[in-house]
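A quick write-up on the structure given underneath.
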Amino acid sequence: MKDHMGFEDIVKSLGLNKLGITYSNVVKDVLVVEGEKACQRILSEPNITVLRVIGIETIKCEGETELRLVSRNGLSIKARIPGKSRCCDVAELPLYKPRENYVGPTYKALVDTLRQLMSGLDSHGVPVVVDTFIPTTGRYCRPRIGCTLSLRRENNRVLETSEPIRTGVYKPKVVHPTLLAWTRKRVTSNSTYHVPWIYIGGASSYLLLICTPPAEVCRVSVDKEGLAILEEGKAIAIKSRRYSPSWSYTTYLVGNALGELDANIEAKKPAIWSPTGLIPLAAHIEKTKKSIVTELVVWNPLPIAKRHELVLEEYRIKKADVYTGIVPYWEEAVTSFNRVYLPLSGNQLAIVRISGNLLPPLLRQRR
């Protein structure tokens, strides 16, 4: 494990423990997986390269075939898998068919992260870290601007358990989340999904179901006639002309977390925020009277490369380093007063370590 925040803390925050990943089965940057089914379970994720950020460079299953597995964002990880390769030594992730049961962070991990940020940064309220829609209240919140009721809330409705809803699309397309990514498929027979959000539809007509508290994931069935039923959990239904997985992920993670902490949201003067939509998934803060050191696990929810910004109010940043696991060391990040700039590829995960000094009282008066 590299020199950053605790392995088990990150694994739990990202939901990787549901894949059977623990400190005990990682040996010298190698994840040892026992059993073919367990191996297939891990390699069915399109974005398994997130393991690089916790120091894992190789996945070792029982078998003789050694492959370099490439994620759709261009990042790769090495693996030894069952069976013998007949054609090549490079393959594209996912290596096996993606599962219909979600593994990954839930909004409850964001609730814990926002609480840590609030207490560690002496925030006056829960910081609105990115632009987000809050499903439970119908409000849209933007850092440094505030929260207002969504103009499109008439397209949203609370979905009751066992209530059927028709999409009007035969053999609809389904888009649902995987481990910090997503996958698409065409429904040709009755299917059931355990997911935090899901798009169902086609052409210019989609139905988005987003789980809301207290449900972390919902059980949704879809048939080839385009009939969807919420069989378990609580959700809202939103009609849209296109699907946007990054918006849905942000709404589910950040929007639901803010909805849980709704009584004390700080949008106009957040202690930490990102104007580019960078999502902090875990945080660790150490602070004295005049300085701070914070480590954040951050995720680019966009499917494209982006130069993200992270703003730490009330502190002048002295130094910032980033660890992605692509190279086995910390790299220096570009900073400007109270901002850190992080170039990340699509759906990439990183750890950023920031040290800064508290600004004088007059400069701490956030406008």
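The values are calculated or read from the model by the stated rules, or taken from the named source; none is laboratory data. These numbers come from a predicted model, not from an experiment. A quick note on method: Cβ atoms are made from the backbone with ideal geometry, for glycine too, and the neighbour counts reach across all protein chains shown. The protein model used for the area step is the full one, side chains on, heavy atoms only, and it has no ligands, DNA or RNA in it. Shrake-Rupley method; radii C 1.70, N 1.55, O 1.52, S 1.80 Å.
Report the antiparallel proportion of the DSSP beta bridges in segment 54-165 as a percent, rounded to a multiple of 5. Spell out each step's value before the answer.
Working: 13 of 19 bridges.
Antiparallel bridges make up about 70 percent of those DSSP assigns within segment 54-165.
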If you keep only loop residues by DSSP, which GluC sites (Glu not before Pro) in segment 1-60 have at most 12 other Cβ atoms within 10 Å of their Cβ? Glu34
In segment 1-65, which trypsin sites (Lys or Arg not before Pro) are in a loop and have at most 16 other Cβ atoms within 10 Å, using DSSP for the loop call? Lys2, Lys28
State the percentage of accessible surface on segment 165-244 attributable to carbon and sulfur atoms; use a 1.4 Å probe and exclude ligands, DNA and RNA. 46
A 1.4 Å probe over the protein heavy atoms gives segment 7-81 a carbon and sulfur accessible-area percentage of 47
Quickly estimate the mean residue ellipticity at 222 nm for the chain, helices only: each DSSP H run with n ≥ 4 gives -39500 (n - 2.57), and the total goes over all residues, rounded to 500. -3000 deg cm²/dmol
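Pairs Lys12/Lys239; Lys18/Lys287; Lys37/Lys60; Lys18/Lys60; Lys18/Lys173: which exceed 24 Å Cα-Cα?
Working: Lys12/Lys239 33 Å; Lys18/Lys287 32 Å; Lys37/Lys60 13 Å; Lys18/Lys60 18 Å; Lys18/Lys173 27 Å.
Table pairs above 24 Å Cα-Cα are Lys12/Lys239; Lys18/Lys287; Lys18/Lys173.
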What list of ³J(HN,Hα) values in whole Hz, one per residue of segment 90-97 in order, does the Karplus curve 6.51 cos²θ - 1.76 cosθ + 1.60 (θ = phi - 60°) give from phi, with Gly and Pro shown as x? 10, 9, 9, 7, x, 6, 10, 4
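Using a 1.4 Å probe, what is the accessible area per residue for the chain, in Å²?
Working: 16790 Å² over 367 residues.
The answer is 46 Å² per residue.
Based on the alpha-carbon gyration tensor of the chain and its eigenvalue square roots a ≥ b ≥ c, which shape applies: rounded if a/c is under 1.5, prolate if not and a/b is larger than b/c, or oblate? Numbers along the way, then the final one.
Values: a/c = 2.11, a/b = 1.12, b/c = 1.89.
Taking the square roots of the gyration eigenvalues as a ≥ b ≥ c, the chain is oblate.
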With a cut-off of at most 10 other beta carbons within 10 Å, and DSSP calling the residue loop, which chymotrypsin sites (Phe, Trp or Tyr not before Pro) in segment 145-207 qualify? Please list them. Tyr170
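Sort Phe337, Phe133 by heavy-atom solvent-accessible area, probe 1.4 angstrom, most to least.
Values: Phe337 90, Phe133 10 Å².
Ranking Phe337, Phe133 by accessible area, largest first, yields Phe337, Phe133.
Using the Cα centre as the reference, give the magnitude of the dipole from point charges on the C-beta atoms of the chain (Lys, Arg: +1; Asp, Glu: -1; all else neutral), rounded to the nearest 20 debye. Mind showing how you got there, number by number?
Working: 51 positive and 36 negative charges, 220 e Å.
For this selection, approximately 1060 debye.
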